[in-house]
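Engineer: Here's a structure for you.
The values are calculated or read from the model by the stated rules, or taken from the named source; none is laboratory data. Bear in mind that the values here come from a model prediction, so they are computed numbers and not experimental data. All Cβ positions, glycine included, derive from the backbone under ideal geometry; neighbour counts span all protein chains shown.
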Amino acid sequence: MIIFDQLKLNNWISFYGNQTPIVFAKDEKKNVTFILADNEVGKTSVLRGIQWCMFGKTHDPKDSKKYKKHFQRLNFQAAEEKNYSYSVELKLLHNNKNYVITRSASIDSSLEPEEKNFKAELTCILEGKVFKEKKAQSKINEIFDFNSSRFYLFDGEMLNEYEELLVSENISDLSKKIKFSIEDLLQITQLRHARKSLQNLAKVANEAFQSDESNNAMARENAKKIHNLNIDIESYQEQIDELEHARVEYQIEFDKAQDIFTRNSSEKIDGERLAEIKSNYLPNCISDIATLEEQLAQHAKTSYLGIIDKFAIKTIDKLSSKRDALNKKLKKIGNNKLYEDLIDNTDISKESKKVIHSYITKTSNQNTETLEDEIYKINTKIKSLESLDHRSANLPLMLKIYNDLASKRESKISLENEQKNLLDKIGKDKSTIIAEASKSMKLNSGLIARTSLQLNPDEPGTVANKKMELEEHVRLLENNYKSMPKDFGESLSSVTLDITQQYKDFFEEIVNQRVSNAKNQIETNANAIYEQLREYKEIDSKDDENSTLKLVINDNYGIGIKSGKKELTASAGGSQIVALSLIFSLRDILESRAPILMDTPMARLDTKYRKGLLEVAPNQGTQFILLVHDGEIDPESALHTLIRPRIGKSYKLKKENTRHSEVESD
């Protein structure tokens, strides 16, 4: 059993100087310590103080770099006064033994006030016996370690971590940490390590078996196949490790970009709009203008054809008439020549020559060659005019292009003006940061999706799927080896292989059984707790109000809601209630009871959910330490009236100035 006694803060983040100790309520019937404060006053500093005191680091899901440096932990006002010393002291009772844990840091007055000159010290006094540094940390870890502390000490932001596990089969890096924490607490991690060691021993035994010629040839060939498959499996595992590492990096970059939006929430919409204008709308508009200008230039080259089209038709008609007249003349000249040749023919009678002579017509003095030249020139002109494709001179289309171009030019001017106004409003530096954040979020979300796909064993063709198929093949071959007759005698290498395989299979079964039992136990506990909150549920479902709801644990210890076979979606507040059911159920299977400290846990909960939390949570731990602002629980409100009979200690955190907060006993 763990019971917190008191907490002392000295120049810690928000708190200047030695603060009034926070003495925690220890009465079993009045085990609630109620700490009220406005936002930005120091509620989270209390939580971080306990974490840092015990482990020298803090859980901070939003910014992994926050509180890592001494000057980030040292109170600003103390630093201004050149007081470079800060500390946190926590007194607690563990298994009826008194602990006094003190972690401090300071700079010797003879040294420069630089980060590197801070000297940190850790002391743990256990029943009057003093332990320092590593020995002190070892004693603290016997209470609970850093990873398991997330099941005791958490804030509203940390509560969101658990929501990532809700109905999620693709495990993120954050979910993986939670999963490892759970398996550590359930002592599954040690079994996994043992199984891994036996897998390595089995690999060595397999190699020895292959090289031992006294063994059956078929069995040796079977072992060789297993060996080769295991090499491929290891190769795929390396790829999976690289993908998981890459996904963590992508997630970190995504979270950093998302944090920029969080810290610049007032400029978020303007920043996103500016980024879209700079990277998308304006470049596209400029590109469209260039395209339209090119189209207009091409159409302008043939635009005159549309204008001269009617004149060209008239000209062709005139030239055709002239050509017809010249052809008639040419025909007459040709006929006259024929007649004249007939008249000159001595074989024709005089009477016939007279008749032929009557057909000879008068013509101009133009000769045949001249007429043919004129006809050729006219044909050339007609062909040239007819070859002009006036259809390419689409005047309505050209007019549309011109209007579109004018519209795009107006849009460009409008976008440039909007861009200038947004830059003036946000500031050039900040707008660049927001734009880069937007770009980073889009890029990394895509990369996360692609790597997550490759890590999904249920998706055919992925790296994880190929590894799973090879592992199944190995299992078949191992079973094949077991079924082989042992008429070839048992060598030392075959006995070794049999034994290591048996132990490997045994630990495989133990791990699977332990995981299955843990899931069942967590699921049972979670449903029992959820039933207590049943009347406060807000589930997005068309099902009947009285339908049976059940929380279901997935392979990653995530938890979802089902009504029959149908999966349901919880509201924002509902998700946190489901997540709390998971946390409380995990705590129920731990060996020792301990306090629950919750910082700003109700921001997303409505009044009914808050009431449910206040009724259930104090019974889930030895103590319930609640840090809230008046927007969550207003003093003398109905919620405060509800929790008041359980309150044993009450405090207010008061802000003296921007760099100085105080702890006041209420």
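Engineer: For the condition over 24 Å from residue 621 (Cα atoms), free of Cβ contacts under 8 Å to residues at least 60 places away in the same chain and over 33 Å from the mean Cα position of the chain (by Cα), what is the one hit in 134, 69, 139?
Structural biologist: 134
Engineer: I want to confirm something. Restricting to region 610-643 and keeping residues that are among the hydroxyl-bearing types (Ser, Thr, Tyr) and over 20 Å from residue 23 (Cβ atoms), which single residue is surrounded by the fewest Cβ atoms within 10 Å (Cβ to Cβ)?
Structural biologist: 641
Engineer: Do you know which residues across region 87-112 are touching a helix residue (DSSP H, G or I) at 6+ places or on another chain (Cβ under 6 Å) and part of a strand (DSSP E or B)?
Structural biologist: Those that are touching a helix residue (DSSP H, G or I) at 6+ places or on another chain (Cβ under 6 Å) and part of a strand (DSSP E or B): 88, 90, 101, 103, 105, 107.
For (1) in contact with a helix residue (DSSP H, G or I) (Cβ under 7 Å, 6 or more places away or on another chain); (2) part of a helix (DSSP H, G or I), each residue gets a yes or a no:
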position	(1), (2)
323	yes, yes
326	yes, yes
333	yes, yes
341	no, yes
346	no, no
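Engineer: Now for a different question. What residue, among those in region 459-478 that are within 20 Å of the chain's Cα centre (by Cα) and without any contact (Cβ under 8 Å) to a residue 40 or more places away in the chain, is surrounded by the fewest Cβ atoms within 10 Å (Cβ to Cβ)?
Structural biologist: Step by step, filter region 459-478, then rank; the result is 459.
Engineer: Starting from residues that are in contact with a Ser or Thr (Cβ under 9 Å, 6 or more places away or on another chain) and small (Gly, Ala, Ser), keep the ones in region 111-139 and report whichever is nearest to residue 17 (Cα to Cα).
Structural biologist: 120
Engineer: Shifting gears a bit: How many of the residues in region 80-110 are in contact with a Lys or Arg (Cβ under 8 Å, 6 or more places away or on another chain), of a type in the set (Ser, Thr, Tyr) and within 16 Å of residue 16 (Cβ to Cβ)?
Structural biologist: Of the residues in region 80-110, 3 are in contact with a Lys or Arg (Cβ under 8 Å, 6 or more places away or on another chain), of a type in the set (Ser, Thr, Tyr) and within 16 Å of residue 16 (Cβ to Cβ).
Engineer: So, restricting to helices (runs of 4 or more DSSP H) that lie completely within region 113-223, which ones have at least 2 residues that are over 29 Å from residue 246 (Cβ atoms) and modelled with pLDDT under 85?
Structural biologist: Answer list for region 113-223: 188-211.
Engineer: For the subset of region 378-411 comprising residues that are part of a helix (DSSP H, G or I), modelled with pLDDT under 85 and charged (D, E, K, R), which member is nearest to residue 278 (Cα to Cα)?
Structural biologist: 400
Conditions (1) touching a Phe, Trp or Tyr at 6+ places or on another chain (Cβ under 8 Å); (2) over 27 Å from residue 95 (Cα atoms); (3) touching a residue at least 12 places away in the same chain (Cβ under 8 Å); (4) not β-branched (Val, Ile, Thr), marked per residue:
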{"position": "596", "(1), (2), (3), (4)": "yes, no, yes, no"}
{"position": "613", "(1), (2), (3), (4)": "no, yes, yes, yes"}
{"position": "632", "(1), (2), (3), (4)": "no, yes, yes, yes"}
{"position": "650", "(1), (2), (3), (4)": "yes, no, yes, yes"}
{"position": "665", "(1), (2), (3), (4)": "yes, yes, yes, yes"}
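Engineer: Would you point out the residue of region 115-145, among those that are surrounded by 14 or more Cβ atoms within 10 Å (Cβ to Cβ), out of contact with any Leu (no Cβ under 9 Å at 6 or more places or on another chain) and β-branched (Val, Ile, Thr), that is farthest from residue 2 (Cα to Cα)?
Structural biologist: In this case the residue turns out to be 123.
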